[in-house]
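Below is one structure, written out as structure tokens, with a few remarks after it.
The values are calculated or read from the model by the stated rules, or taken from the named source; none is laboratory data. Predicted, not measured: the structure shown is a model, and the values here were computed from it. Glycine gets a Cβ as well: all are built from the backbone with ideal geometry, and neighbour counts include every protein chain shown.
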Amino acid sequence: MVMAACTTIGRAEVHTSGSTHRRRPARSRGCEIAGNSPTYLLPILKFDATSHQHRQDMTGKFAVRSLDHLVLTVRSIPETVDFYTTHLGMRHEVFISPKDPSVERHALLFGTQKINLHLSGKEFEPKAQNVKPGSADLCFLTDENVDKVHQAFQDAKIEVLEGAQVVDRTGAVGKIRSVYVRDPDGNLIE
């Protein structure tokens with residue numbers, strides 16, 4: 001898994017309803033995305049890496065505002081839970097399927113989102129059309145300093161990709177500093 005322990009650099013510009021809202025992200029530990037408001041998600045926004053601005057795209061009938069959950073198909077739920085809770089600080093939740101109260105489900109919670117886990121070969125319906133362990137590429141944000149995240153992975157003997165270095169990337173709202181690793185299934189984690 002790759003974890004984006006990021007520091008946002010510069011000024012985030014968010015365009016909504018024809019007006020421009022400028023917010024200077026904090027440069028303290030990790031990053032704050034356009035303050036505490038989720039307005040950077042509404043309406044559908046496109047990021048122009050050259051000007052570091054978000055532009056409104058009004059082609060849809062509605063706009064998605066955030067991600068509730070995603071699903072990872074994994075080879076081993078216990079190994080996946082161990083990796084994400086031990087190394088990424090997520091919380092494991094066991095819940096009952098609303099369709100069948102005899103079925104236990106597993107999820108990893110972080111922030112206001114979660115990752116539902118499906119065991120490969122025993123996925124829940126409906127599911128993605130082509131499920132496969134190790135096919136995800138995920139970028140997470142943390143409040144921790146990226147150098148500390150990098151050191152934590154090294155201390156845990158988890159291979160850090162990209163020359164074992166912290167690298168500069170462009171995230172959803174601007175520049176970030178990232179560390180890349182893989183989870184037990186080979187999913188790329190930033």
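Quick check on residue 154: is it within 18 Å of residue 87 (Cβ to Cβ), surrounded by fewer than 20 Cβ atoms within 10 Å (Cβ to Cβ) and of a type in the set (S, T, N, Q)? Even if it seems obvious, please write down each step before you answer.
Details: within 18 Å of residue 87 (Cβ to Cβ): yes; surrounded by fewer than 20 Cβ atoms within 10 Å (Cβ to Cβ): yes; of a type in the set (S, T, N, Q): yes.
Yes: the conditions hold for residue 154.
Summed over the range 59-94, residues that are closer than 17 Å to residue 113 by Cβ, among the acidic types (Asp, Glu) and not in a loop (DSSP other than H, G, I, E, B) total 1.
Please find, among 123, 93, 144, 159, the residue that is among the acidic types (Asp, Glu), surrounded by 13 or more Cβ atoms within 10 Å (Cβ to Cβ), farther than 19 Å from residue 67 by Cα and free of Cβ contacts under 8 Å to residues at least 60 places away in the same chain. Please lay out each step first, then the result.
Numbers: 93 fails: farther than 19 Å from residue 67 by Cα; 144 fails: free of Cβ contacts under 8 Å to residues at least 60 places away in the same chain; 159 fails: surrounded by 13 or more Cβ atoms within 10 Å (Cβ to Cβ).
Answer to the check: 123.
Starting from residues that are among the polar types (S, T, N, Q) and under 17 Å from the mean Cα position of the chain (by Cα), keep the ones in the range 126-168 and report whichever is farthest from residue 184 (Cα to Cα). Going through the qualifying residues, I end up with 145. For the range 162-190, a residue qualifies if it is surrounded by fewer than 16 Cβ atoms within 10 Å (Cβ to Cβ), within 26 Å of residue 74 (Cα to Cα) and either touching a helix residue (DSSP H, G or I) at 6+ places or on another chain (Cβ under 9 Å) or at pLDDT below 95 (or both), and exactly one does: 164.
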